[in-house]
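One structure is given here, and the rest of the page talks about it.
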Amino acid sequence: MKSLKFILKVSVVIVFTLPSLANAVECISPNSSNLCPSTSSQYSGGFSPSVGYGGFGGGSCSTNNVPVIFIHGNADSALTWGTQATGVNGYPSNPNSIYQSFINAGYNDCELFGITYLSKTEQANPQSNYANPDKYKIIYNFIQSVLAYTGKDQVDIVAHSLGVSEIIATLDYYNAWSKIRRFVNIAGGLRGLQTCVYYGYANAVTTTCDSQNYLDSYIFGFYPSNTGSGDTSASALTLGYNAWTDYGNPLSQRDAPKYNPNVSFYTLSAGNQDEVECSTDASWNQCYATAKFNNYTNVIAQLNIGAGTNALQETFQWQYFSDLMQEMGGDSSNGVGHIQAAHISGNILVNMLQTNCTGLACASGYNYGPYSSY
């Protein structure tokens, strides 16, 4: 079996263009990767949630739209949503960050919020990060702070990668799905990561790949499970059972729409160009669907915006995650992979949250790369 260093720094140098708005989120300390490592707080207008490790939101304005809460992915911070995407070969470049796309669509600083739930140490050690109640407390309290600040009863969620699992589990843990109107999943590990098969379901070096914890079912990593047993107790621990990445049970991430019928769900995936989900020689034919919800009437649109080179069919070493994506996939080939899917898709996200679009119509106005049904 081949192994490969899996790297979280993209070889292309990103040019960050910052919005001109006084309180707009900015990536303060951009590096030469697709990520914004800064954990600086950019709160304003009296919004001070006092949870997590930084974030953004608030201003001298009023709330008219449903507030949006952005949940970042692994090794990242809330300020990533202020990062401009790189271009896709053969397509015009998107001049706007996700944050600026929402501002351009009529949102204001009092309607857009983000929380950094990973410490600097955790950002530097992504192979050790997994879903757990300590993170749920941060995210839930942030949601409560946003609702109190805006005076609204519900928020919309835009989550990326690890953040998708963290917010789904948070809402289950606190029985808080009634606070959510629409939920957008960007490159979430709903079905687990096939790359984790190589490391096993209980590896102390790569706890991000662990299965469901035997003693606490709300602690879990990305070890894939596909039994459909309906068991949520982790009683099948010796088999690496993980109710969260499995199907047919109330904790199943891919089945979240079934158990929360009043929430509208959406997905954006990079498909086989996703370096995190598809850089594997284990079950390559399954990795494409990693981020996909099962089909229910409240799953409104699931789109593939992947572009560029497919992720390599080689097993990577998670202990080198901090050097990711120089050698494979969409993000390193002037395309769209795991990270760019959360940077280039602003107008699609706006369509999903501001309109009643369904299916491919949610990509209306997206001219920055290919897209298809997922």
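Taken together, the values in this text are just the output of simple stated rules run on the coordinates, not laboratory data. Predicted, not measured: the structure shown is a model, and the values here were computed from it. Because the Cβ atoms are built from the backbone with ideal geometry, glycine has one as well, and the counts that use them run over all protein chains shown.
Can you tally the net charge around Tyr296? Count Lys and Arg as +1, Asp and Glu as -1, for every other residue whose Cβ sits under 9 Å from the Cβ of Tyr296. Can you show the working numbers first?
On the way: positive: Lys258; negative: Asp255.
Local charge sum for Tyr296: 0.
Test of understanding: ordering Cys27, Cys278 by Cβ neighbours within 10 Å, fewest first, what list do you get?
Least crowded to most crowded, the residues run Cys27, Cys278.
What percent do you get for the relative contact order of the chain when only Cα pairs under 8 Å and 6+ apart count?
With pairs under 8 Å counted, the relative contact order is 19 percent.
Please state the charge dipole magnitude for the chain, taken about the Cα centre, from unit charges on C-beta atoms (+1 on K and R, -1 on D and E), reported in debye and rounded to the nearest 20.
Details: 14 positive and 23 negative charges, 82 e Å.
Result for the chain is approximately 400 debye, rounded to the nearest 20.
Given the options Gln253, Gly230, Thr206, identify the residue whose Cα lies farthest towards the positive end of the charge dipole of the range 174-274 (+1 on Cβ of Lys, Arg; -1 on Cβ of Asp, Glu).
Ranked along the dipole, the leading option is Gln253.
With the cut-off at 1.5 for a/c, could you classify the range 58-101 from its C-alpha gyration tensor as rounded, prolate or oblate?
Taking the square roots of the gyration eigenvalues as a ≥ b ≥ c, the range 58-101 is oblate.
Apply the membrane-span-like helix rule to the chain: whole DSSP H runs, Cα extent along the own long axis of at least 18 Å, mean Kyte-Doolittle hydropathy at least 0.0. List the helices found.
Once both thresholds are applied, what remains is 133-150.
Determine the percent antiparallel among the DSSP beta bridges restricted to the chain, to the nearest 5.
20
Quote the relative contact order of the range 230-289 in percent (integer), defining contacts as alpha-carbon pairs under 8 Å separated by 6+ residues.
17
Add -39500 (n - 2.57) for each DSSP H run of 4 or more in the chain, then divide by its residues: what number comes out at 222 nm, to the nearest 500 deg cm²/dmol?
Helix contribution divided over all residues of the chain: -4500 deg cm²/dmol.
By count of other Cβ within 10 Å, fewest leading, how are Thr355, Thr208, Thr232, Thr297 ordered?
On the way: Thr355 12, Thr208 25, Thr232 16, Thr297 9.
By the 10 Å Cβ count, ascending: Thr297, Thr355, Thr232, Thr208.
Name the aspartates and glutamates eligible as straight-distance cross-link partners of Lys258: C-alpha to C-alpha under 20 Å, and not fewer than 8 places from it in the same chain.
Hits, sequence-local ones excluded: Asp156, Glu166, Asp172, Asp231, Asp246.
If the cut-off is a Cα-Cα distance under 13 Å, which aspartates and glutamates reach Lys120, setting aside same-chain residues fewer than 8 apart in sequence?
Filter leaves Asp76.
In what sequence do Met352, Met328 fall when counting other Cβ within 10 Å, fewest first? Numbers along the way, then the final one.
Working: Met352 27, Met328 24.
Fewest-to-most ranking of Met352, Met328: Met328, Met352.
Name the trypsin sites (Lys or Arg not before Pro) in the range 132-214 that are in a loop by DSSP and that have at most 12 other C-beta atoms within 10 Å, would you? Mind dumping the intermediate values first?
Numbers: sites: Lys135, Lys137, Lys152, Lys179, Arg181, Arg182, Arg191; in loops: Lys152, Arg191.
Within the range 132-214, no trypsin sites (Lys or Arg not before Pro) qualify (loop, at most 12 other Cβ atoms within 10 Å).
Any of Lys137/Lys179; Lys135/Lys292; Lys152/Lys179; Lys152/Lys292 with alpha carbons more than 21 Å apart? Name them for me.
Lys135/Lys292; Lys152/Lys292
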